[in-house]
Amino acid sequence: MEAIRKNEELFDYSNVGEKDLPMAKRWFKAPKPPSANNYPELSSAYHQYRVWNVPESKGKYKGHLINDKATGESAYSPPTEEVGPLWHKKESEGEESEGEEVGAAMAAVRLE
């Protein structure tokens, strides 16, 4: 409840429909729940988390409807590594990706 009150101070939910408002307040910027397909209550929570926080999710992303009160702009922030797969992370120039490093290591092993 404390996190919801804090988010209400920081974010504008006026673009969110009345029907979706309780879920938006509960799940936007909430901690990521575990995903468990065998447990419907956990699966539903994980789905709702993704709907409000992960634009790349297969569900219907709605987080773009919430605005930052300070700037008036969308409060969307790119998912962290915790949320999204590693391949969404931008790499700095000159850095090899994890896949390239693994490929190079495998090639070195084959040469030996």
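Looking only at residues of region 69-91 that are modelled with pLDDT of 85 or more and either in contact with a Gly (Cβ under 6 Å, 6 or more places away or on another chain) or among the polar types (S, T, N, Q) (or both), we find that the one that is nearest to residue 13 (Cα to Cα) is 74. Any chance region 38-58 includes a residue that's basic (Lys, Arg), closer than 13 Å to residue 75 by Cα and assigned to a loop (DSSP other than H, G, I, E, B)? No: region 38-58 contains no residue that is basic (Lys, Arg), closer than 13 Å to residue 75 by Cα and assigned to a loop (DSSP other than H, G, I, E, B). The set of residues from region 30-68 being closer than 14 Å to residue 13 by Cβ, among the charged types (D, E, K, R) and surrounded by fewer than 16 Cβ atoms within 10 Å (Cβ to Cβ) comprises just one member, 68.
Scanning region 21-37 for residues that are in a helix (DSSP H, G or I) and out of contact with any Asp or Glu (no Cβ under 9 Å at 6 or more places or on another chain), we see that the one that is farthest from residue 76 (Cα to Cα) is 22.
Contact map, region 1-22: first residue at negative phi and surrounded by 10 or more Cβ atoms within 10 Å (Cβ to Cβ), second residue of a type outside the set (A, V, I, L, M) and assigned to a helix (DSSP H, G or I), Cβ cut-off under 6 Å, separation 6 or more or different chains; pairs are 4/25. When residues of region 38-63 are filtered for being in contact (Cβ under 8 Å) with a residue 24 or more places away in the chain and not small (Gly, Ala, Ser), how many remain? Final tally of qualifying residues: 8. Does region 10-20 include one or more residues that are among the hydrophobic types (A, V, I, L, M, F, W, C), part of a helix (DSSP H, G or I) and at pLDDT 50 or above? Yes, because at least one residue in region 10-20 is among the hydrophobic types (A, V, I, L, M, F, W, C), part of a helix (DSSP H, G or I) and at pLDDT 50 or above.
The values are calculated or read from the model by the stated rules, or taken from the named source; none is laboratory data. Model, not experiment: these values are computed from the prediction. Note: ideal-geometry Cβ built from the backbone for every residue, glycine included; neighbour counts use all protein chains shown.
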